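S.K.: One structure, pasted below without further comment.
Read-outs: derived from the displayed coordinates by stated rules, not from any lab. If you're wondering where the values come from, they're calculated on a predicted model, not measured in any experiment. Here Cβ is always computed from backbone atoms with ideal geometry, including for glycine, and neighbour counts include all displayed protein chains.
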Amino acid sequence: MRILTYNIRGGRGMDGRRSLARIATTILSEAPDVVCLQEVHRRLPHSAFEDQPLILGELLGMKCLFQDNLRLPRMSYGNALFSGLPMEQVDTLLLPSVRELLVAPALALERRGAIGAWIAGADGERFFVATTHWSLDKNDRYQSAGVLAEWLQPRAGATVVVGDLNAEGTSPEVLRLVQEAGLRDLGAVDALPTYTSLRPLRRIDYVLCSDEMSCGHVRVVDGIGSDHLAVVADMFLKKQ
């Protein structure tokens, strides 16, 4: 199963142009089975009132699961899962983001979160895949790591967590999530930077998985369609 995670910034590229077609082209070039996106807009004025989950689903030829993290009348913003594979038992989680308001008061109506679902792969294999986008505040992120780990623990089986954690791999918050949720950071060895896309210096976008999974390859995808680079991983269930 190939998973791609990408913070798309509402489709606004580093050239100032907003293009969902460009985002979709970048994604489709990697032929992923599951696509996990952050900063997806729905009818927001600064993204031309586009229903981005709907449009991207059509461009990708995939079904979409969307989590509202910023809620306004008929408008929202959040995380999204896309796949052509069956997605079942959808679950969402809200994360701490109170302290973030001190850093970015404009985010007062936003609540960070995660969305996940069981996805049926080949030969009856099932994977729980979740995508998340963490706070800009380190204290919120540290609390989020514990809340997310607790949310994941009851799920027996292969688990993959991806997303924009807004933190380095050696930070206390990322290490807490890895340790308490029993996950492995698949990008830790190469530590390829993902932000910003024009001059990537920091790795803040991750693919994490449980011990039931093995990974053939993790890489970043070049492009200026967002301020982040996409990350792609080929995942397999370990043979028993």
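S.K.: Quick one: which residues, 5 or more positions from Ala158 or on another chain, have an amide H under 5 Å from its amide H? H modelled 1.01 Å from N in the peptide plane, none for Pro or chain starts.
M.R.: It is Phe128, by chain and number.
S.K.: Sticking with this one: Convert each backbone phi in the stretch 19-35 into a coupling constant with the Karplus relation 6.51 cos²θ - 1.76 cosθ + 1.60 (shift: θ = phi - 60°), then list the ³J(HN,Hα) values in order as whole Hz, x for Gly and Pro.
M.R.: Rounded to whole hertz, the list is 8, 6, 4, 5, 4, 5, 4, 4, 5, 5, 4, 9, 6, x, 8, 9, 10.
S.K.: Residue-wise, which Karplus ³J(HN,Hα) couplings in Hz belong to the stretch 232-237, taking 6.51 cos²θ - 1.76 cosθ + 1.60, θ = phi - 60°, and x for glycine or proline?
M.R.: Residue by residue, the stretch 232-237 yields 10, 9, 9, 10, 9, 6 Hz.
S.K.: Name the longest site-free stretch of the chain, where the excluded sites are trypsin sites (Lys or Arg not before Pro) in a DSSP loop with no more than 13 other beta-carbon atoms within 10 Å.
M.R.: 75-237
S.K.: Now for a separate question. Normalising by the residue count of the chain, find the relative contact order in percent from Cα pairs under 8 Å and 6+ residues apart.
M.R.: Value for the chain: 21 percent.
S.K.: While we're on this one: Could you check what % of the DSSP bridge pairs in the stretch 2-237 are antiparallel, to the nearest 5?
M.R.: 85
S.K.: Once amide H atoms are placed 1.01 Å from N in the peptide plane, what residues at a sequence separation of 5 or more from Arg2, or on another chain, have their amide H within under 5 Å of its amide H?
M.R.: Asp33, Val34, Met235
S.K.: Please find, in a Gaussian network model of the chain (springs between Cα atoms separated by less than 10 Å), the residue of Tyr195, Tyr206, Tyr77 whose mean-square fluctuation is greatest.
M.R.: Its mean-square fluctuation being the largest, the pick is Tyr195.
S.K.: For Cys36, what charge total do you get from the other residues with a beta carbon under 13 Å from its beta carbon, if Lys and Arg give +1 and Asp and Glu give -1?
M.R.: Here the count lands on -4.
S.K.: Next up: Calculate the all-directions average of the projected area of the chain's alpha-carbon convex hull, and give it in nm².
M.R.: 12.0
S.K.: Set the Förster radius R0 to 25 Å, insert the Cβ-Cβ distance between Leu72 and Leu94 as r into 1/(1 + (r/R0)^6), and round the FRET efficiency to 0.05.
M.R.: 0.90
S.K.: Using amide H atoms built 1.01 Å from N in the peptide plane, name the residues 5+ places from His133, or on other chains, whose amide H lies under 5 Å from its own.
M.R.: Gly113
S.K.: Can you compute 3J(HN,Hα) from phi for each residue in the stretch 86-93, using the Karplus curve 6.51 cos²θ - 1.76 cosθ + 1.60 with θ = phi - 60°, rounded to whole Hz and x for Gly and Pro?
M.R.: Whole-Hz 3J(HN,Hα) from phi for the stretch 86-93: x, 10, 10, 6, 5, 9, 10, 9.
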